[in-house]
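Asks: The structure follows.
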Amino acid sequence: MNEAPAADDPQTFEDLGLHDDVLKALGDLGWETPTPVQRDSYSMIVDGNDVIVQARTGTGKTGAFGIPLVDKLMSIDGDEQALVLAPTRELALQSAREIEKLGAHRSIDTVAVYGGASMERQVSALKKGARVISGTPGRVLDHLKRGTITASRLRVLVLDEADEMLSMGFAKELNAIIERLPSNRQTLLFSATVDRAIKRVAERHMRDPIFLGLSGDHVGALGIEHFVYMLSGMGRVGNLISILEIENPESALIFCNTKAETEEVSAALKRAGFNAEWLNGDRPQREREKVLAQTRRNEVRFLVATDVAARGIDVSHLTHVINFHLPENVEQYVHRTGRTGRAGRTGTAISLVGPNELGILYYLRLQYGILPVERTLPSAGEAKTRREADRIAMIDLAYPNPPDERSLALARRLITHPDAERMLAGLLGAFFGSGSEEIDEVAAKQRRRGRRATTPPKPPKDSDEGVTEAKAPPTATLYVNVGKSDDLKASELGRLLQERTGLKRREIGRIRVRNTHSLVDVPEARAKEIIDSMAGAVLRERELSVELAENEGAAPRS
Ligand code: AMP
């Protein structure tokens, strides 16, 4: 293998000398500058070389072969074709879509061929003259055998995620396909890892390939930050929850090494109040698709998956990759963490590392120069401070309304009393139930859900302190600036409230429509949230103003 020459100065897409119609397509896609792998591989590819590119998902590797394909390798009026092989149907589809867009203004059509989809439709697209065929090995071999793909027309072969294809057991199909192709074809091999098996494929099927390695540039360009938490190995799920608390990722793909673990971890996260879903090969296809759709719509914060289940799925919007366990080999680490920090964005990889997993860390540094930064779990003191903050937030949320004058006056006297601490502590004990860990869990869950408290926790049954248990959830009365003079009906206002706030009908108390305004009873703990949700609402052609009613007393608290 030849080593690639060092890359020249940064280039723009214009510098690459692309056709105007390709530049236009890049403009449509919103790609402004080539990623390092696109920049460095372009000229060697268009010069007709066989090239091995070490690049992972997220580096813009599809563009690295897609751009030269549509720009130079496929002539506009010729009939030669390119074949892109990918390990999964998701990836085959994704690449087909991207290449189709890149070639949109050059009349170069692309077809995706993969198992499980209609053969007829694929055959008809092939007959219509698709020039780029993006498919999975099994289905492509089927087409070659039936003659619906003509091997002699295939002048360019791209092996995308070649290491994944091998590790998924496609070696036989790959060989069978490649042996049918013309020997004067150009072969491009993309792989996140280049081990002995990949080198064997290259030796057998490529001509004098140039090797474009994973230089510091390519690693750095990904902008992934790597972190590790060294753990004892005991209570790992609890550790994960603490780590999620500290790191507070917007979203994450959490990798587990076994199928059973994905379910366990996801269930534990849900119990702790996090929004989580799991994905593994045992989950029926329909459920898998549902979870993926939810993930794409940003409705899943933590997707817990095995390596196999996460293959080929587009999770580029997820900000973090978390290794619940380090994978069994460093190549897998590179694959997993490549799922975040997609082109132009930064990503974060966090690994939980037990005593048995230290070896992988060592090899990570040796083979890929990746040296994760070590972070530590919060100390007991820090955890206590957090729990206290959660409890205070809980009280805050339980009483969002201005207190009545009498209670306020009493509170003011109490906090200036020399024994205020003792008395307040007593009241708090009654509110939370002294020493109860359950309350900490409830308070933490409340924060994780980002939701407001619906009711304050019940005081402990054995409490004999001065707080009596609430008999009904406290109510607040809201003032709304429309009334009879606007022809308003109570039912109309009730419906609007339900629509905008998600309240159930039974949660809304009395609605009194007066001449110029209306009054609505709602759960006190949600009053502020309801007022916020009603902002900007319009009813009977009037912009609504909703606020706490001053004179209509809230229902008594006890
Ligand atoms: P890939 O490595 O091919 O999976 O690409 C990762 C993501 O980066 C995809 O969403 C591409 O659409 C996007 N992408 C690829 N090249 C560029 C570029 N030059 N500028 C901006 N985004 C890009």
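Asks: Quick one: would you say residue 421 is at pLDDT 90 or above and either β-branched (Val, Ile, Thr) or over 30 Å from the mean Cα position of the chain (by Cα) (or both)? Quick ask: steps written out before the conclusion?
Replies: Numbers: at pLDDT 90 or above: yes; either β-branched (Val, Ile, Thr) or over 30 Å from the mean Cα position of the chain (by Cα) (or both): yes.
The answer is yes for residue 421.
Asks: Only one of these conditions is not met by residue 520: (1) modelled with pLDDT of 85 or more; (2) surrounded by fewer than 17 Cβ atoms within 10 Å (Cβ to Cβ). Which number is it?
Replies: Of the numbered conditions (1) modelled with pLDDT of 85 or more; (2) surrounded by fewer than 17 Cβ atoms within 10 Å (Cβ to Cβ), the odd one out for residue 520 is (2).
Conditions (1) touching a Ser or Thr at 6+ places or on another chain (Cβ under 9 Å); (2) surrounded by 18 or more Cβ atoms within 10 Å (Cβ to Cβ); (3) in the same structural domain as residue 140 (by TED's automatic domain parsing), marked per residue:
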{"site": "11", "(1), (2), (3)": "yes, no, yes"}
{"site": "18", "(1), (2), (3)": "no, yes, yes"}
{"site": "55", "(1), (2), (3)": "yes, yes, yes"}
{"site": "66", "(1), (2), (3)": "yes, yes, yes"}
{"site": "90", "(1), (2), (3)": "no, no, yes"}
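Asks: Follow-up. If only one of 89, 97 is more than 19 Å from residue 150 (Cβ to Cβ) and more than 13 Å from the ligand (Cβ to nearest atom), which one is it?
Replies: Exactly one residue qualifies, and that residue is 89.
Asks: Restricting the search to region 27-36, which residues are surrounded by 20 or more Cβ atoms within 10 Å (Cβ to Cβ) and more than 7 Å from the ligand (Cβ to nearest atom)?
Replies: Scanning region 27-36 gives a single hit, 36.
Asks: Could you tell me whether residue 95 is surrounded by fewer than 24 Cβ atoms within 10 Å (Cβ to Cβ) and among the hydroxyl-bearing types (Ser, Thr, Tyr)? Can you show your working first?
Replies: Details: surrounded by fewer than 24 Cβ atoms within 10 Å (Cβ to Cβ): no; among the hydroxyl-bearing types (Ser, Thr, Tyr): yes.
No; evaluated as a whole, the condition is false for this residue.
Asks: Which ranges mark the strands (runs of 3 or more DSSP E) fully within region 86-182 that have 2 or more residues being among the small types (Gly, Ala, Ser) and modelled with pLDDT of 95 or more? If you could, list the steps in order and put the result at the bottom.
Replies: Numbers: elements: 110-113, 132-135, 154-159.
It comes to 132-135.
Asks: If you go through region 269-301, how many residues are on the phi < 0 side of the Ramachandran plot, crowded, with 16+ Cβ neighbours inside 10 Å and in contact with a helix residue (DSSP H, G or I) (Cβ under 6 Å, 6 or more places away or on another chain)?
Replies: The total comes to 8.
Asks: Among the residues of region 369-401, what is the count of those that are modelled with pLDDT under 85, within 30 Å of residue 337 (Cβ to Cβ), loosely packed, with under 15 Cβ neighbours inside 10 Å and among the charged types (D, E, K, R)?
Replies: 1
Asks: Checking the conditions here, which among 242, 266 is part of a helix (DSSP H, G or I), in contact with an Asp or Glu (Cβ under 8 Å, 6 or more places away or on another chain) and surrounded by 15 or more Cβ atoms within 10 Å (Cβ to Cβ)? Break it down stepwise before answering.
Replies: Numbers: 242 fails: in contact with an Asp or Glu (Cβ under 8 Å, 6 or more places away or on another chain).
Testing whether each residue is part of a helix (DSSP H, G or I), in contact with an Asp or Glu (Cβ under 8 Å, 6 or more places away or on another chain) and surrounded by 15 or more Cβ atoms within 10 Å (Cβ to Cβ) leaves just 266.
Asks: Assess whether residue 57 counts as being polar (S, T, N, Q) and under 29 Å from the mean Cα position of the chain (by Cα).
Replies: Values: polar (S, T, N, Q): yes; under 29 Å from the mean Cα position of the chain (by Cα): yes.
For residue 57, the condition - polar (S, T, N, Q) and under 29 Å from the mean Cα position of the chain (by Cα) - is met.
Asks: Do any residues in region 18-35 that are among the polar types (S, T, N, Q) have Cβ atoms under 8 Å from those of residues that are within 7 Å of the ligand (Cβ to nearest atom), where the two are at least six apart or on different chains, and which pairs are they?
Replies: Matching pairs, first to second residue: 35/59; 35/60; 35/63; 35/343; 35/344.
Asks: Give just the number: which of (1) part of a helix (DSSP H, G or I); (2) closer than 29 Å to residue 199 by Cα; (3) basic (Lys, Arg); (4) within 16 Å of the ligand (Cβ to nearest atom) does residue 72 not satisfy?
Replies: For residue 72, the exception is condition (4).
Asks: Any residue in region 225-254 that's within 17 Å of residue 382 (Cβ to Cβ): show its pairings with residues that are of a type in the set (Ser, Thr, Tyr) at Cβ separation under 6 Å, as long as the two are six or more apart or on different chains.
Replies: 243/229
Asks: Now, a different point. Can you tell me which residue in region 37-55 is farthest from the ligand (Cβ to nearest atom), limited to those that are charged (D, E, K, R) and in contact (Cβ under 8 Å) with a residue 12 or more places away in the chain? Steps first, answer last, please.
Replies: To start, the set of residues in region 37-55 that are charged (D, E, K, R) comprises 39-40, 47, 50.
Subset that is in contact (Cβ under 8 Å) with a residue 12 or more places away in the chain: 39-40, 50.
Details: 39: 9, 40: 13, 50: 20 Å.
Restricting to residues being charged (D, E, K, R) and in contact (Cβ under 8 Å) with a residue 12 or more places away in the chain, the top hit is 50.
Asks: So, one more: Limited to region 56-69, what total is found for residues that are closer than 21 Å to residue 336 by Cα and more than 7 Å from the ligand (Cβ to nearest atom)? Steps first, please.
Replies: Residues of region 56-69 that are closer than 21 Å to residue 336 by Cα, as a first pass: 56-64.
Next, from what is left, pick out any that are more than 7 Å from the ligand (Cβ to nearest atom): 56, 64.
Total meeting the criteria: 2.
The values are calculated or read from the model by the stated rules, or taken from the named source; none is laboratory data. Since we're looking at a predicted model, the values are computed, not measured. Using ideal geometry, Cβ is built from the backbone for each residue, glycine included, and neighbour counts are taken over all protein chains shown.
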